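Accompanying notes for the structure given below.
Only the coordinates and a few stated rules stand behind these numbers; no lab work does. Note that the coordinates shown come from a computational prediction; the quantities given were computed from them, not determined experimentally. Positions of Cβ are backbone-derived with ideal geometry, glycine not excepted, and every protein chain shown enters the neighbour counts.
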Amino acid sequence: MRRLFKKLNIVVFSVFLGSFWGPSPAFADRSLLKDWNGDGQVILLAFGDSITFGVGDKPNSGGYPTRLAELSGVRVINGGVPGEEFLGGGSRRLINLIRGTEADVILIMEGTNDAVRRADSGALRAEFQKIINAARYLEKPIALLKPPSPCCDHSSIIPFVDSYSDIIGYLTSINDIRVVDVKLAWETTCQDRLNCELYNLPEGLHPNSRGYDVIAQTVLAALVGIDIFVAGGAAKLESAFNLPAGTIIVKPKE
């Protein structure tokens, strides 16, 4: 189908001929890329901290939300706030956004700054469950992103980030919420996990441009229900969105 693109600062609109938004119809039943609120457009809200905001990316590149918009052809709002802690105000901000946003789906990636503060995993789990309950009550679809393990200068917080990723995996499973396994994408795609080239090094906390590519591609695959970690998953995602071969760089599990 032909697409008409209109670019704004960090969002890209795409209008498809006909009433269908999103990937090819083969993936329609599993896709979250739908006009859930019936306003005639599909909008995603990327919520999070500095990683969502795009710190570490090339100037004016906009992190993973801009890339996700370009890949999917739908509008993506960047709701990242650098330095935000989920337990230190982030969850309250998110509740207010869930109540008032025009977005059809909210993508949530928080916890890295909580790891820097060594936040209690039980408290973080309870707060995430509160968000899930609120989203369900307000009938707002959400997806939770599992943050990748940091490295290098921030290797000391790996146990905390990994424990939060485990919590997110557990909560998405028991609540039947879509999960985006960015942590696994890092593990399969990094050439050197101890000094992962997807990060700005030696800082090891904020992705570089290639890292933001990986996040966006992993999010897109999860949203439309394509397992990007199996052999042929990348090609299937490229086919669903008419992307040139080799666009998807996330590697499958061995």
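One residue stands out among those in the stretch 66-92 that are in contact (Cβ under 8 Å) with a residue 60 or more places away in the chain and part of a loop (DSSP other than H, G, I, E, B): the one that is surrounded by the most Cβ atoms within 10 Å (Cβ to Cβ), which is V74. All of L237, L223 fail the test of being in contact (Cβ under 8 Å) with a residue 12 or more places away in the chain, farther than 30 Å from V116 by Cα, in contact with a Leu (Cβ under 8 Å, 6 or more places away or on another chain) and crowded, with 20+ Cβ neighbours inside 10 Å, apart from L237.
Can you go through I95, I168 and tell me which one is β-branched (V, I, T), surrounded by fewer than 16 Cβ atoms within 10 Å (Cβ to Cβ), without any contact (Cβ under 8 Å) to a residue 60 or more places away in the chain and out of contact with any Asp or Glu (no Cβ under 7 Å at 6 or more places or on another chain)?
Working: I168 fails: surrounded by fewer than 16 Cβ atoms within 10 Å (Cβ to Cβ).
One residue alone meets the criteria, I95.
Of all residues in the stretch 42-65, those satisfying the criterion of being part of a loop (DSSP other than H, G, I, E, B), surrounded by fewer than 24 Cβ atoms within 10 Å (Cβ to Cβ) and touching a residue at least 60 places away in the same chain (Cβ under 8 Å) are D49, V55, G56, D57, K58, S61. Enumerate the helices (runs of 4 or more DSSP H) found wholly within the stretch 140-254, keeping only those where 1 or more residues are more than 16 Å from the chain's Cα centre (by Cα). Answer list for the stretch 140-254: 158-175, 182-189, 233-240.
Scanning for something over 21 Å from G211 (Cα atoms), in contact (Cβ under 8 Å) with a residue 60 or more places away in the chain and not aliphatic (A, V, I, L, M), does the stretch 143-155 turn up at least one residue?
To start, the set of residues in the stretch 143-155 that are over 21 Å from G211 (Cα atoms) comprises none.
So far as the stretch 143-155 goes, no, none of its residues is over 21 Å from G211 (Cα atoms), in contact (Cβ under 8 Å) with a residue 60 or more places away in the chain and not aliphatic (A, V, I, L, M).
Just so you know, in the stretch 80-114 the residues that are over 17 Å from Y170 (Cβ atoms) and small (G, A, S) include one that is nearest to the chain's Cα centre (by Cα), and it is G80.
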